[in-house]
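K.L.:
I'd like to ask some things about the structure below.
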Amino acid sequence: MKKNIPLLVLAAFSVCAHAQDAAPQKSPDFAKLDKNHDGFLSREEAKADKRVAKFFGKADMNRDGKLNEDEWLKARSMADRQKAGEYVDDSTITAKVKSALLAKKGVSSAEISVETYLGVVQLSGFVDTADQVQLAGRAARSVKGVKEVKNSLNVKPKP
């Protein structure tokens, strides 16, 4: 019987150690934001992460004025989805501006580069005349979703 006691103790220890390993770990990012270490993020603590702060109200599912780790993950996910949506919108705007430039008579769009960030379109490159600079700018501004056009087009120097 004495030989079985150490085996039982060992088995019990093994089960306890395994249970501790299975306990969910806090994300290091969440733990860093949780300044008072209460397991929640207050609105004030969440301000340290602008992405989370922006979606705090929507992510606070139980409306207790604080975020647990699951709600914090939800807020981050909302921010990531919004960012992805902005990227898709920007690439859509870029494609539409390029299409508008191709369709615009009098504009040689082959040497025009178009980049978009948060709805702001940057035109760069070279065109043949000052009129083409203006036409390209108007074509870009006519595209739905364009907030601003930064027209950096240059007229090719005459040889």
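The values are calculated or read from the model by the stated rules, or taken from the named source; none is laboratory data. Everything quoted here is computed from the prediction, not taken from an experiment. Cβ atoms come from the backbone with ideal geometry, glycine included; neighbour counts cover every protein chain shown. Please note that ligands, DNA and RNA were not included when accessible areas were found on the heavy atoms of the full protein model with its side chains. Shrake-Rupley method; radii C 1.70, N 1.55, O 1.52, S 1.80 Å.
K.L.:
Determine the pairs where a residue that is assigned to a loop (DSSP other than H, G, I, E, B), located within the stretch 139-150, has a partner that is among the charged types (D, E, K, R) with Cβ atoms under 7 Å apart, the partner being 6 or more residues away or on another chain.
P.N.:
Here the result reads Val143/Lys96; Gly145/Asp89, each pair linking the stretch 139-150 to a residue that is among the charged types (D, E, K, R).
K.L.:
Of the conditions (1) open to solvent by 40 Å² or more (accessible area, probe 1.4 Å); (2) out of contact with any Gly (no Cβ under 9 Å at 6 or more places or on another chain); (3) modelled with pLDDT of 90 or more, Asn68 fails just one. Which one is it?
P.N.:
Condition (2) is where Asn68 drops out.
K.L.:
Picking from Arg51, Arg76, Arg43, Arg81, which residue would you name as being more than 30 Å from Val133 (Cα to Cα), surrounded by 13 or more Cβ atoms within 10 Å (Cβ to Cβ), modelled with pLDDT under 90 and among the charged types (D, E, K, R)?
P.N.:
Numbers: Arg76 fails: modelled with pLDDT under 90; Arg43 fails: modelled with pLDDT under 90; Arg81 fails: surrounded by 13 or more Cβ atoms within 10 Å (Cβ to Cβ).
When all the criteria are applied, what remains is Arg51.
K.L.:
Right, something else. Is there a residue being of a type in the set (Asp, Glu), free of Cβ contacts under 8 Å to residues at least 40 places away in the same chain and under 16 Å from Ser142 (Cα atoms) anywhere in the stretch 80-99?
P.N.:
To start, the set of residues in the stretch 80-99 that are of a type in the set (Asp, Glu) comprises 80, 86, 89-90.
Then keep just the ones that are free of Cβ contacts under 8 Å to residues at least 40 places away in the same chain; that gives 80, 86, 90.
When the remaining residues are screened for being under 16 Å from Ser142 (Cα atoms), the result is 90.
Yes - at least one qualifying residue is present in the stretch 80-99.
K.L.:
Then there's this: Working only within the stretch 26-40, note down all residues that are more than 21 Å from the chain's Cα centre (by Cα) and among the hydrophobic types (A, V, I, L, M, F, W, C).
P.N.:
So the first thing to find is which residues in the stretch 26-40 are more than 21 Å from the chain's Cα centre (by Cα), and the list is 26, 31, 34-40.
Ala31, Phe40, listed by residue number.
K.L.:
Determine whether the stretch 104-121 contains at least one residue that is among the basic types (Lys, Arg) and in contact with a strand residue (DSSP E or B) (Cβ under 6 Å, 6 or more places away or on another chain). Full working, then the answer.
P.N.:
Within the stretch 104-121, the subset among the basic types (Lys, Arg) is 104-105.
Those still in the list that are in contact with a strand residue (DSSP E or B) (Cβ under 6 Å, 6 or more places away or on another chain) too: none.
No, the stretch 104-121 contains no residue that is among the basic types (Lys, Arg) and in contact with a strand residue (DSSP E or B) (Cβ under 6 Å, 6 or more places away or on another chain).
K.L.:
While we're on this one: Return the only residue of Val107, Val88, Val97 being modelled with pLDDT under 90, among the β-branched types (Val, Ile, Thr) and part of a helix (DSSP H, G or I). Don't jump to the end; show me each part of the working.
P.N.:
Numbers: Val107 fails: part of a helix (DSSP H, G or I); Val97 fails: modelled with pLDDT under 90.
When all the criteria are applied, what remains is Val88.
K.L.:
While we're looking at this one, here's another question. Against the condition open to solvent by less than 80 Å² (accessible area, probe 1.4 Å) and over 30 Å from Pro159 (Cα atoms), how does Asn36 come out, does it pass?
P.N.:
Numbers: open to solvent by less than 80 Å² (accessible area, probe 1.4 Å): no; over 30 Å from Pro159 (Cα atoms): yes.
In short, no.
K.L.:
Within the stretch 110-138, count every residue that is assigned to a loop (DSSP other than H, G, I, E, B) and either open to solvent by 90 Å² or more (accessible area, probe 1.4 Å) or more than 13 Å from Lys156 (Cβ to Cβ) (or both). Show your work before the answer.
P.N.:
The initial filter retains those residues of the stretch 110-138 that are assigned to a loop (DSSP other than H, G, I, E, B), namely 118-119, 128-129.
With the extra rule that they be either open to solvent by 90 Å² or more (accessible area, probe 1.4 Å) or more than 13 Å from Lys156 (Cβ to Cβ) (or both), the set shrinks to 118-119.
Going through the stretch 110-138 one residue at a time, the tally reaches 2.
K.L.:
Being in contact (Cβ under 8 Å) with a residue 12 or more places away in the chain and closer than 19 Å to Pro28 by Cβ is the filter; apply it to the stretch 60-72 and report the residue that is nearest to the chain's Cα centre (by Cα).
P.N.:
In the first step, residues of the stretch 60-72 are kept if they are in contact (Cβ under 8 Å) with a residue 12 or more places away in the chain; the result is 61, 65-69, 71-72.
Checking the rest, the ones that are also closer than 19 Å to Pro28 by Cβ come to 67-69, 71-72.
Values: Leu67: 20, Asn68: 22, Glu69: 20, Glu71: 18, Trp72: 15 Å.
Ranking the qualifying residues of the stretch 60-72, first place goes to Trp72.
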